[in-house]
1. May I ask for the net charge around Ile157, where only other residues with Cβ less than 14 Å from the Cβ of Ile157 are counted and Lys, Arg are +1 while Asp, Glu are -1?
2. Measuring from the lowest to the highest alpha carbon on each principal axis, how far does the stretch 96-221 reach, largest first, in angstroms?
3. What FRET efficiency, computed as 1/(1 + (r/R0)^6) with R0 = 22 Å and r the Cβ-Cβ distance, is obtained for Arg34 and Glu161, rounded to the nearest 0.05?
4. Per residue of the stretch 204-212, what does 6.51 cos²θ - 1.76 cosθ + 1.60 with θ = phi - 60° give for ³J(HN,Hα)? Whole Hz please, x for Gly and Pro, Karplus curve as stated.
5. Spelling out what I want: for every residue of the stretch 43-56, take phi, set θ = phi - 60°, compute 6.51 cos²θ - 1.76 cosθ + 1.60 (Karplus), and round to whole Hz; glycine and proline get x.
6. Per residue, how much accessible area does the stretch 127-221 have with a 1.4 Å probe, in Å²?
7. Considering the options His169, Gln185, Leu103, tell which one lies farthest towards the positive end of the dipole of the stretch 92-204, charges being +1 on Lys and Arg and -1 on Asp and Glu at the Cβ, about the Cα centre.
8. Roughly what would the spin-label model give for Arg140 and Ala182, points 7 Å off Cα along C-beta, in nm?
Amino acid sequence: MRHTRSICALSLWCLLLGGCANTRGDEGGVYVVRAQDTVYSIAWRYGLDFRDLARWNHIGPDFRIAVGQTLILAPAAAAPPLKNLKPPSSIAPARPAPSGSALPWVWPTDRMSVPQAVASGGILLPGRMGQDIRAASLGRVVYNGSGIRGYGNLIIIKHGENLLSAYAHTRESLVHDGQEVALGQVIAHMGEGAPQKPVLYFEIRRNGKPVDPLAFLPVTK
């Protein structure tokens, strides 16, 4: 019975997380910038490539936005009706080696069990409360906050031109927006996911779309 309840709780949490890529703007396919938002976090929320979002809204190379600014979520000339906007629903092919694999990668935390795939494209890594969360590759922190529903305290790191990695349900963040991080650097500690159990949700996106994290992480026995 206890095992069944655990499976049900985890399944519900995975369902909630799978749906937390919001596909609806504040109104009519637009979004009004709130406190803590960045171009990267908004693009993540709507399953967009951050470069496209910046281009559609004529945002400069520093990607600076202001609270209250209105952003469109699709090209102005081809903005689809709101009902046709869809979340990222599939994982890009994991093999052959993905773009960006020239960068070295490490596991973002110590593994206590086999990673559990989630419909949204990432993996769950159960562990112990407070255990170290590490940057899976070198890069720059582009979001550090709790403004995206379903992810708890979330850290997003940009790697190169087209890759982002995300670390959800963290606590005691040790980094800040704009900070450069090294491979394997401790960036936070593990917090609780929706089933009230210590877990890290880890995801990698290429050009705004989820890819298989296991294609990047080293294979260990």
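1. Numbers: positive: Arg134, Arg140, Lys158, Arg205, Arg206; negative: Glu161, Asp177, Glu180, Glu203.
So the environment of Ile157 carries a net charge of +1.
2. Principal-axis extents of the stretch 96-221 (Cα, largest first): 36, 34, 24 Å.
3. On the way: r = 27 Å, r/R0 = 1.21.
FRET efficiency, Arg34 to Glu161: 0.25.
4. Values, residue by residue: 10, 10, 10, 6, x, 10, x, 10, 5 Hz.
5. 4, 4, 4, 9, x, 10, 6, 4, 5, 5, 4, 5, 5, 4
6. Numbers: 3740 Å² over 95 residues.
Accessible surface, normalised per residue, equals 39 Å².
7. So the residue we want is His169.
8. Each label point is offset 7 Å from its Cα along the Cβ direction, giving 2.0 nm.
The values are calculated or read from the model by the stated rules, or taken from the named source; none is laboratory data. Only a predicted model underlies this, so the values are computations on that prediction, with no experimental measurement involved. Cβ coordinates were reconstructed from backbone atoms using ideal geometry, including for glycine residues, and neighbour counts include every protein chain displayed. Surface accessibility is based on the protein's heavy atoms, side chains included, excluding ligands, DNA and RNA. Shrake-Rupley method; radii C 1.70, N 1.55, O 1.52, S 1.80 Å.
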